[in-house]
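Visitor: Below is a structure I'd like to ask you about.
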Amino acid sequence: MALRTAGSWLVVFLWSVTVVLGQYGWSVTYTTQSICTLKGSTVELTCSYTYPSGHKVTSTFWFTKMETGVEPEDIGQDPEYAGRLEYHGDKENGYTLTIRDLRESDSATYKFRFITDQTRGRYYGDPGVTLSVTGLQVKVTGGHQDKTLTCSTTCTLTDNPTYIWYKNGHIVKEITSSLYSDYFSDADSYSCAVKGHEDLHSAAVCKKCWSVTYTHQSICALKGSTVDISCSYTYPSYHEIKHAFWFTKWSGMEAEDLSSVPGYEGHIEYLGDKKSDCTLRITDLRLNDSAGYRFRFITSGGKVAGSPVSLTVTAVVLEMDPTSVREREYHTDM
């Protein structure tokens, strides 16, 4: 199995867990049964399958939901996955499903299904692959100044990672433990990341600091798809948030809230809160949505705006290799 972020791959060596369930020549084999990986990264789910001779496979897909008596829905048809899925494989051996820019909502059990040209020629493999997607969060315990920091996740990361600790934006430690102890002043900020996924570091924690942190500084997405611009922010604990919003332009001396800009109504959704999350979702992307997006928040004692995140919206370009024809590629229709 391999995990990667934009521009980098992290190869994970696991004891291969083979899951084969079937009878009379029908089977699906999953490379591993469970994966825990980071929000914003890319994951590959791999399987192989067999079926009786005389059958010809006509359809293959992955699904996460199943109801009795109802054909499972191909996740490639779910708009939540638009522009983020890719299949690799053939109708003889197996498939690898790639999911990019993982979201916590992608956490589910994924199962592979195939259909043949024969009556009742339908089969899916249990138990599937359980995918858990987690962010990183720094938790602080200890006394007044000597603190123990924990790089916390909601599941145990599959790849037994090395943790990188940042103090005021600079690397101070690389360790295999998720715990780190240090002298902690009120003005210092701390964050953590996993080696190989440095662009997916946690939000910074501090007592008396201001910050806006983006998961990605640059995003490329397909026209018609949905994108989440993940973001977190910090401010002094004794301040109160008055207003938080995203903008692309200034209007006079103040930033112009996107929610009040014509053309964005029903097109953007603020997923954040008044604590630390400032994620922005843009749906049904258009080419003219390409811009630099910035988060701004106003408290009872100050104003802060983050640097811009560059969003590039692109049309689909299809390229075909005549020597290798895949059964299906998921692209957004123009």
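Visitor: What is the set of long-range amide H partners of THR116 at a cut-off below 5 Å, with H atoms built 1.01 Å from backbone N?
Guide: Under 5 Å from the amide H of THR116: THR58, GLY121, ARG122.
Visitor: Can I ask one more? So for the stretch 210-334, Kirkwood radius off the Cα pairs, Stokes-Einstein at 4 °C and 1.567 mPa s: how many µm² s⁻¹? Walk me through the numbers before you get to the answer.
Guide: Working: Rh = 16.1 Å.
It comes out at roughly 80 µm²/s.
Visitor: How large is Rg over Rh for the stretch 135-207, taking Rg from the Cα atoms and Rh as the Kirkwood inverse mean of 1/r across Cα pairs?
Guide: Details: Rg = 11.5 Å, Rh = 12.2 Å.
Expressed as Rg/Rh, it is 0.94.
Visitor: What Kirkwood hydrodynamic radius do you get for the chain when you take the inverse of the mean 1/r over all pairs of distinct Cα atoms, in Å?
Guide: Working: mean 1/r = 0.0450 Å⁻¹.
Taking every pair of different Cα atoms in the chain, averaging 1/r and inverting gives 22.2 Å.
Visitor: Not counting the cut sites, what is the longest span of the chain without GluC sites (Glu not before Pro) that DSSP labels loop and that have at most 10 other Cβ atoms within 10 Å? Walk me through the intermediate numbers first.
Guide: Details: sites that count: GLU67, GLU92, GLU240, GLU265, GLU319.
Answer - 93-239.
Visitor: Measure up LYS139/LYS249; LYS208/LYS249; LYS139/LYS274; LYS139/LYS208; LYS167/LYS195 against 24 Å on the Cα-Cα distance and list the ones that go over. Let's see the in-between values first.
Guide: On the way: LYS139/LYS249 35 Å; LYS208/LYS249 28 Å; LYS139/LYS274 19 Å; LYS139/LYS208 16 Å; LYS167/LYS195 16 Å.
Pairs exceeding 24 Å: LYS139/LYS249; LYS208/LYS249.
Visitor: On to the next question. Quick test of your reading: applying the under-4.7 Å Cβ rule, which cysteines of the chain are isolated?
Guide: CYS47, CYS220
Visitor: If you build the convex hull over the alpha carbons only and average its shadow over all orientations, what do you get for the stretch 122-251? Give it in nm² to one decimal.
Guide: Numbers: hull surface 51.7 nm².
Spelled out: convex hull of the Cα atoms, projected over all directions, averaged, 12.9 nm².
Visitor: May I pose another question? Using a Gaussian network model of the chain with C-alpha springs under 10 Å, which one of SER218, SER251, SER191 is most mobile by mean-square fluctuation?
Guide: Answer for the Gaussian network model of the chain: SER251.
Visitor: With only Lys, Arg, Asp and Glu charged, each at its Cβ (+1 for the first two, -1 for the last two), find how big the charge dipole of the stretch 210-334 is about the Cα centre; round to the nearest 20 debye.
Guide: Details: 12 positive and 16 negative charges, 96 e Å.
In debye, rounded to 20, the stretch 210-334 gives about 460.
Visitor: Can you tell me the FRET efficiency between LYS207 and GLU73 if r is taken as the Cβ-Cβ distance and R0 is 45 Å, rounded to the nearest 0.05?
Guide: Values: r = 48 Å, r/R0 = 1.06.
Once rounded, the FRET efficiency stands at 0.40.
Visitor: For the stretch 106-165, which trypsin sites (Lys or Arg not before Pro) are in a loop by DSSP, counting at most 16 other Cβ atoms within 10 Å?
Guide: ARG120
Visitor: Something else about it: Just to confirm my numbers, what's the Cα centroid distance between the stretch 266-317 and the stretch 76-141 in Å?
Guide: Value for the Cα centre distance between the two parts: 28 Å.
Visitor: I would also like to ask the following. Give, in nm to one decimal, the length gained when the segment between HIS88 and THR312 is fully stretched (0.36 nm per residue of separation minus the Cα-Cα distance). Before the final figure, lay out each step's value.
Guide: Values: separation 224, 0.36 × 224 = 80.64 nm, distance 2.56 nm.
Full extension from HIS88 to THR312 adds 78.1 nm.
Visitor: Would you mind calculating the relative contact order of the stretch 210-334 from Cα pairs under 8 angstrom and at least 6 residues apart, reporting the percent as a whole number? List each step's numbers first, then the result.
Guide: Working: 241 pairs, mean separation 42.9, N = 125.
Reported relative contact order: 34 percent.
Taken together, the values in this text are just the output of simple stated rules run on the coordinates, not laboratory data. Nothing here was measured: the structure is a model prediction, and the numbers come from that model. Positions of Cβ are generated from backbone atoms using ideal geometry, with glycine treated the same way; all protein chains shown enter the neighbour counts.
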